[in-house]
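Worksheet for the structure shown next.
The values are calculated or read from the model by the stated rules, or taken from the named source; none is laboratory data. Note that the structure is a prediction, hence the values are computed from the model and not measured. Using ideal geometry, Cβ is built from the backbone for each residue, glycine included, and neighbour counts are taken over all protein chains shown.
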Amino acid sequence: MVRWEPNARGRLQQAAFELFTERGFEQVTVAEIAERAGLTERTFFRYFADKREVFFSGSEVLRELMLSGVASAPPGTPPIEAIAAALDAAGTMFDGHVASARRRSAIIAAHAELRERELIKLAGLAAALAGVLRARGVSDPAAALTAEAGIAVFKVAFERWTAEPDGPELTQLMRAALGELKAVAAGR
């Protein structure tokens, strides 16, 4: 085993994705992931609580980007536009990463346990966004509805983006999906 090389987290994620693709999520152990990455199990657990977290380690970064997008919208910005700012901020995280996002999405889609974890993470993100909207003076249920709508826009656009890797960037797809939601809400 190599004692230290840069980017241990990235190497562990790469090894996990390769193994999960080759053999399936359930059949792969943490020891095998660590071995493939040239690291120890102990190192794996420094970065991830369990093998599921390999897929969700960027969740906190996404959360902070989206929350800061809402919080930094100018005072008086309508709630849906504050969510649009959050979606734009989220899009920057994924620029240039469609191939890895597609691979991650395919593995998650194939395993109920991972789909459940993804939904839990998105529900937590929606709750956090609603909290930031409330802090901006948006009352309930408008804050909760707007946050949930923002997460729905994110999910729809993300699925389209990973299904069409040569298509538009994620940010463009999120803006288009948000425009469609606004049109539906306006009765058009």
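Listed values, structure above:
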read-out	value
Output for segment 17-43, where each listed residue is touching a residue at least 40 places away in the same chain (Cβ under 8 Å) and of a type in the set (Ser, Thr, Tyr)	Thr21
Any hit, segment 168-175, residues being part of a helix (DSSP H, G or I) and over 23 Å from Val61 (Cβ atoms)	no
Flag for Ala147 being modelled with pLDDT of 95 or more, farther than 30 Å from Gly24 by Cβ and part of a helix (DSSP H, G or I)	yes
The one condition in (1) assigned by TED's automatic domain parsing to the domain that holds Leu145; (2) acidic (Asp, Glu); (3) farther than 30 Å from Lys182 by Cβ that Glu32 fails to fulfil	(1)
Residue match in segment 83-97 (condition: touching a helix residue (DSSP H, G or I) at 6+ places or on another chain (Cβ under 8 Å), modelled with pLDDT of 95 or more, part of a helix (DSSP H, G or I) and exposed (fewer than 15 other Cβ atoms within 10 Å of the Cβ))	no
The listed residue being outside the structural domain of Ala144 (by TED's automatic domain parsing) and surrounded by fewer than 17 Cβ atoms within 10 Å (Cβ to Cβ), out of Gly38, Gly76	Gly38
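To keep it simple, each residue is scored yes or no on (1) among the hydrophobic types (A, V, I, L, M, F, W, C); (2) within 19 Å of the chain's Cα centre (by Cα); (3) closer than 17 Å to Ala130 by Cβ.
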site: Glu26; (1), (2), (3): no, no, no
site: Ala31; (1), (2), (3): yes, no, no
site: Gly38; (1), (2), (3): no, no, no
site: Glu41; (1), (2), (3): no, no, no
site: Ser68; (1), (2), (3): no, yes, yes
site: Ala73; (1), (2), (3): yes, no, yes
site: Leu87; (1), (2), (3): yes, yes, yes
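Let's see how each residue does on (1) within 26 Å of Gln13 (Cα to Cα); (2) in the same structural domain as Pro74 (by TED's automatic domain parsing); (3) touching a helix residue (DSSP H, G or I) at 6+ places or on another chain (Cβ under 6 Å); (4) small (Gly, Ala, Ser):
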{"site": "Ala101", "(1), (2), (3), (4)": "yes, yes, yes, yes"}
{"site": "Arg104", "(1), (2), (3), (4)": "yes, yes, no, no"}
{"site": "Ala109", "(1), (2), (3), (4)": "yes, yes, no, yes"}
{"site": "Leu125", "(1), (2), (3), (4)": "yes, yes, yes, no"}
{"site": "Leu145", "(1), (2), (3), (4)": "no, yes, no, no"}
{"site": "Arg160", "(1), (2), (3), (4)": "yes, yes, yes, no"}
{"site": "Glu164", "(1), (2), (3), (4)": "yes, yes, no, no"}
{"site": "Met174", "(1), (2), (3), (4)": "no, yes, yes, no"}
